[in-house]
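Report on one structure; see the data block that follows.
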Amino acid sequence: MAAHVIALDQGTTSTRAIVFDRAGEIVATSQREHEQILPRAGWVEHDATEIRDNTLWVLQHALDEAAIDVSDVAALGITNQRETVIVWDRATGEPIHNAIVWQDTRTQAKVDELARDGGTDRFADQTGLPLSTYSSASKIAWILDRVPGARERAGRGELLFGTPDTWLVWNLTGGTDGGAHVTDVTNASRTLLMDLRTLDWDDELCAVWDIPRQMLPEVRSSSEIVGAIAGGLPAAGVPIAGILGDQQAATFGQTAFEAGESKNTYGTGNFLIVGTGTEIVRSRNGLITTVAYRVADEPARYALEGSIAVTGSLVQWLRDNLGLIAESSDVERLAATVEDNGGAYFVPAFSGLFAPYWRPDARGALVGLTRFVNKGHIARAALESTAFQTRDVIDAVVEDTATALPELRVDGGMTRNDTLMQFQADVLGVTVVRPRITETTALGAAFAAGLATGVWADLDELRALWQEDRRWTPAMDEDQRERRYRVWRKAVSKSLDWTDADTEALDAG
Ligand code: ADP
């Protein structure tokens, strides 16, 4: 049987195709960046046709580099930037507007207006999400409001909506010539239009935004065949058999399938996902409830998700704003010049504090300073803030689920930093484990697609493929751990209540 699976990773800055073999090893990779279109402050767009063209390009190049025949590819899986909105014309295949990217905040006024009636939690029961500009719904509504005639055309079934997974599947399976208009449960769960229990679009929610249901894709499982790549395209004939949003794909690639299993991705910010099995757990601590994955007709698995805005980007800030280091990785050497943080604590609340504090009035604070503190201590405090913030979010998960984490699986750029990973284990009192293949996002999409096409028999077989690279076990005694964490919480308290009428007036100049 065909021995390879291709993952397409349609990310915020680039699109990649990675060819995996049956052992889950990378055989070939191809990548292409696309333009970040920033028409105004707070607006972020992508050209969906550029993304489509890049996808075909990376697909062809990855196949060429792997030097395998298409007959040796069992399936293709897709993972993607979540929430990003594309609306296109069913008849011509052309988008009617640039893609509006998840980071885009142009719809804040509409979100505020809706929140006046029932607060930001008014749809949390059905969707697991707070009302925010982040989700897809307000962005779809914006396009329907602004592009002349769009809402009427959508109502007549002439326009289609999709997140990037949907856009790519439709194009790859034939586009105007019978392309499949589908998404998966994980992507649908980020739109603010899907009911977590029924796993389908909710008419009431569609009515709130005045989004015609005809334009929404069919919601499918994360691991099942949804179509085949059309003739004339790279990898023609290969079934598309897996779709997962990026963070859910990383969790799947980490084989964190069961309740209590988790992954934490350390990038410019952090994304923590902890599985809750078939149970929909509502957070009392400001975490999002989301679909983790659904395999074929099995019940969906759910998860709690917490994100931290500033982690790796604080290292970049030390580099770019303070000039303390030349490269991000130099932070390791600088931090190693000292034994500990020297009493300094860095709360990077650059745009307020998110989960579990939810304090928009907070601002960054570097506290505990004495004459003793030097730049090594500041580097150290910056790294420690990533670990402390992770503990904040994990404590919230533990409180919501009333279950301790057995271990924490990690991936992302910052996990190369051994000092940080050891400190993370110490401050959590939980073992931290890094896999050998850290391309967990693409791997997860490949796993989902291969699972649906018989490349791998079941979740146990995938679990057996996951290989540990390194583990860090807690070495700090509990007294020390809790004492340091209490000081961190005190540092957080110093960052609160910062913005007020005076700071706003001064900011406004
Ligand atoms: P993303 O996918 O979010 O762009 P990556 O997973 O590539 O990010 O992670 C890059 C982040 O990790 C950057 O913010 C960078 O500053 C940080 N980083 C890279 N190397 C190190 C290191 N050795 N120690 C700490 N942080 C690092």
* Structure fact -> Of the conditions (1) more than 16 Å from the ligand (Cβ to nearest atom); (2) part of a helix (DSSP H, G or I), the single one that Leu420 does not satisfy is (1)
* Residue among Ala241, Ala236, Ala180 that alone is touching a residue at least 24 places away in the same chain (Cβ under 8 Å), buried (at least 22 other Cβ atoms within 10 Å of the Cβ) and within 18 Å of Leu56 (Cα to Cα) -> Ala241
* Listed residues Arg197, Arg190; which is buried (at least 24 other Cβ atoms within 10 Å of the Cβ) and in a loop (DSSP other than H, G, I, E, B)? -> Arg190
* Structure fact -> Only unsatisfied item for Thr255, checking (1) touching a strand residue (DSSP E or B) at 6+ places or on another chain (Cβ under 7 Å); (2) open to solvent by less than 50 Å² (accessible area, probe 1.4 Å); (3) farther than 22 Å from Pro348 by Cβ, is (1)
* Asked: What are the residues in region 299-342 that are part of a loop (DSSP other than H, G, I, E, B), closer than 30 Å to Val398 by Cα and within 11 Å of the ligand (Cβ to nearest atom), if any?
  -> Val310, Thr311
* Asked: Does Asp72 qualify as being without any contact (Cβ under 8 Å) to a residue 12 or more places away in the chain and over 19 Å from Asp165 (Cβ atoms)?
  -> no
* To do: Please specify each residue of region 117-140 satisfying the condition of being surrounded by fewer than 19 Cβ atoms within 10 Å (Cβ to Cβ) and under 25 Å from Leu160 (Cα atoms).
  => Gln126, Ser132
* Sole residue being under 21 Å from the mean Cα position of the chain (by Cα) and modelled with pLDDT of 95 or more, chosen from Ile100, Ile96 -> Ile100
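Considering each residue of region 475-495, count those that are acidic (Asp, Glu), part of a helix (DSSP H, G or I) and open to solvent by 80 Å² or more (accessible area, probe 1.4 Å), and give that number. I'd like the intermediate steps shown before the answer.
Going residue by residue through region 475-495, those that are acidic (Asp, Glu) are 477-479, 482.
If we keep only those that are part of a helix (DSSP H, G or I) too, we end up with 478-479, 482.
Still in the running and open to solvent by 80 Å² or more (accessible area, probe 1.4 Å): 478-479.
Within region 475-495, residues that are acidic (Asp, Glu), part of a helix (DSSP H, G or I) and open to solvent by 80 Å² or more (accessible area, probe 1.4 Å) number 2.
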* To do: Specify the residue that is farthest from Gly450 (Cα to Cα); the eligible residues are those in region 13-25 that are surrounded by fewer than 18 Cβ atoms within 10 Å (Cβ to Cβ) and within 16 Å of the ligand (Cβ to nearest atom).
  => Thr13
* Asked: Within the set of pairs 6+ apart or on separate chains, which have a first residue in region 296-321 that is at positive phi and open to solvent by 10 Å² or more (accessible area, probe 1.4 Å), a second that is more than 9 Å from the ligand (Cβ to nearest atom) and hydroxyl-bearing (Ser, Thr, Tyr), and C-beta atoms under 8 Å apart?
  -> Ala296/Ser221; Ala296/Ser223
* Asked: Checking Asp460 against (1) assigned to a helix (DSSP H, G or I); (2) under 30 Å from Ala344 (Cβ atoms); (3) among the acidic types (Asp, Glu), which test does it fail?
  -> (2)
* Asked: Are any residues in region 63-115 open to solvent by 30 Å² or more (accessible area, probe 1.4 Å), more than 24 Å from Gln247 (Cβ to Cβ) and touching a Gly at 6+ places or on another chain (Cβ under 8 Å), and if so, which ones?
  -> Val70, Arg90
* Looking at region 186-194, is at least one residue modelled with pLDDT of 95 or more and on the phi > 0 side of the Ramachandran plot? -> yes
* **Extreme residue, farthest from the ligand (Cβ to nearest atom), among residues of region 263-282 that are in a strand (DSSP E or B) and open to solvent by 20 Å² or more (accessible area, probe 1.4 Å)** => Phe271
* Structure fact -> Filtering region 343-368 for residues that are crowded, with 23+ Cβ neighbours inside 10 Å and either in a strand (DSSP E or B) or modelled with pLDDT under 95 (or both) leaves a count of 6
* Asked: How many residues does region 205-228 hold that are more than 26 Å from the chain's Cα centre (by Cα) and outside any helix (DSSP H, G or I)?
  -> 3
* **Lone unmet requirement of (1) over 30 Å from Ala457 (Cα atoms); (2) open to solvent by less than 10 Å² (accessible area, probe 1.4 Å); (3) away from the ligand (no atom under 16 Å from the Cβ); (4) of a type in the set (S, T, N, Q) for Asn285** => (2)
* In the list Gly412, Gly444, Gly450, which residue meets the criterion of being within 16 Å of the ligand (Cβ to nearest atom), crowded, with 17+ Cβ neighbours inside 10 Å and farther than 24 Å from Val310 by Cβ? -> Gly444
* To do: Just give me the residues in region 15-35 being in contact (Cβ under 8 Å) with a residue 40 or more places away in the chain and under 19 Å from Val101 (Cβ atoms), in sequence order.
  => Thr15, Arg16
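The values are calculated or read from the model by the stated rules, or taken from the named source; none is laboratory data. Keep in mind it's a predicted model, so treat the numbers as computed, not measured. Heads up, the Cβs are rebuilt from the backbone with ideal geometry, glycines too, and the neighbour counts pull from every protein chain shown. To get the accessible areas, we keep the full protein, side chains included, count just its heavy atoms, and leave off ligands, DNA and RNA. Shrake-Rupley method; radii C 1.70, N 1.55, O 1.52, S 1.80 Å.
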